[in-house]
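To start, the structure itself, in structure tokens.
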Amino acid sequence: MFGVPVGAAVGLTRFPGRRLVTLVLYTGMGLPPVVVGLVVYMLLSRGGPFGSMNWLFTPSAMVVAQTIIAFPLVAALTMSAVEGVDPELRLQVRALGATRWQTGWTILREARIGLTAAIVAAFGGIISEVGAVMLVGGNIEGQTRVLTTAIVLSTRQGEFALAMALGIVLLLLALGANAALLQLQGRTR
Amino acid sequence: MSAGPPPAFELVDVRHRYGARTVLSIPRLWIPHGETFGIVGPSGAGKSTLLRILQGLEPPSEGAILVDGAPMPHPVPLALARRITTVFQRPLMLDRSVRDNVLFGLRVRGRKDRAPAGPLLERLGLDHLASTRARQLSGGEIQRVALARAMAIEPEVLLLDEPAANLDPANVARVEAFIRDAQSRGTTIVLVTHNTHEARRLAHRTLLLIEGAVVETGPTAAFFESPTEPRTRAFLAGELVY
């Protein structure tokens, strides 16, 4: 939701400080999720600047952490995908009467293979993420327990069969989501 | 210039530079409405740069481009930009069908009908490829699709950059017939070509551009039959001019 438009905007425009933004995005790709979790924890904890929102140990906190983890990945890969489209094509699209927005949308559509890769990579990253969601979600049964944190808990409790079963479910979910994305990509080709 | 309606394009003291290098220097040039203006010259003469400037894709470093007597602003307003289109020397296809490529200019103008693609493709001998992915076409086919794509929007001004390069004689004839149709509809055409024969067949006036500078310009018949400049004679004779 945030990564694609930002990545597209950075990839399609030239502005002062663009190199710095690119550097930040690339660096963000390597952000350790557990550090993101720690920072979000501190921001949302009672003494933190957003403590009054009471989001800590709620799904909202987990969404915030995962968005921060996925954002640079999606934005940087979208930017690369957009930059991979022949720049001359943009001029040719404009010469056919496209507005700036239509040109941007057309180039984004041309970059859809790279875009799908960005979304798949980010999805794979967050679905398998455990450190941040554990920290900010608290692994509360029925509320903030997700597959990865449930696997950690089951393993700690020695319930290896359950942990393995949950692991297979996680894998199947990832497989299903990626297959759906690839199918979508194929349909637009 | 005699009094009358303002020309489609008028260039006044236009200079264009890439870095320190001046690639175009045209003190004065005008192209009346409905005229086909041929631009010939060797590679690197600045022909394609001139087309980009006329399309409004980049402003000249110095000087003014007047369209219908009024300076062309930058960024070019959409209404003005949509009156002009270019068939580029290396046309690029969108990753969609040939038909969708041809209809692209209409789609961005909000037109949803598919009908205009058929006759255009048929005239260029491409109707059997309408549903084919455009990027699977040969270079010659892509060149013709690019022409159909430009003509679909019925531009007032058509800028053609080597529209028949790499085409076999039958397809050159098709493309030239297509261009003549546009001429008969009153389209203003700027035709950049290496092919002096093509300029001779299609252009009302012709200009020789060498190293960004105008060497000679005049009515096509006079330009080819009695050029006044030694460099024009040398260029037309196929001799190396620099």
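What follows is calculated from the coordinates using simple rules that are stated; it is not laboratory data. Everything quoted here is computed from the prediction, not taken from an experiment. Positions of Cβ are backbone-derived with ideal geometry, glycine not excepted, and every protein chain shown enters the neighbour counts.
Annotations for the structure displayed:
- Residues B:H74, B:H16, B:H33 in ascending order of nearby Cβ atoms (within 10 Å, fewest first): B:H74, B:H33, B:H16.
- If only the Cβ of Lys and Arg carry +1 and only the Cβ of Asp and Glu carry -1, the dipole of region B:92-154 around its Cα centre is close to 220 debye.
- Folded to 0 to 90 degrees: helix A:18-29 orientation relative to chain A principal axis, Cα: 30
- Between the helical axis of A:160-187 and the longest alpha-carbon principal axis of chain A there is an angle of about 10 degrees.
- Spatial offset of region B:174-239 relative to region B:98-120 amounts to 31 Å, using the alpha carbon center of each.
- Bridges between two residues of the protein assembly as shown, per DSSP, are antiparallel at a rate of about 55%.
- Compactness of region A:3-137 is given as radius of gyration and Dmax, 17.6, 56 Å, from Cα positions.
- Cα gyration tensor, region B:1-46 - rounded (a/c under 1.5), prolate or oblate: oblate
- Between helix A:147-156 and chain A there is an angle of about 30 degrees, using the helix long axis and the longest principal axis of the Cα atoms.
- Alpha-carbon centroids, region B:33-90 and region A:99-168: separation in whole Å: 50
- Remark: the Cα gyration tensor places region B:92-154 in the prolate category, a/c being 1.5 or greater and a/b exceeding b/c.
- Ranked list, fewest to most other Cβ atoms within 10 Å of each Cβ, for A:W101, B:W30: A:W101, B:W30
- Structure-based [θ]222 nm, chain B - -39500 (n - 2.57) summed over DSSP H runs of at least 4, per residue, nearest 500: -9500 deg cm²/dmol
- Likely footprinting exposure, A:M29, A:M1, A:M164, B:M151, fewest C-beta neighbours within 10 Å first: A:M1, A:M164, A:M29, B:M151
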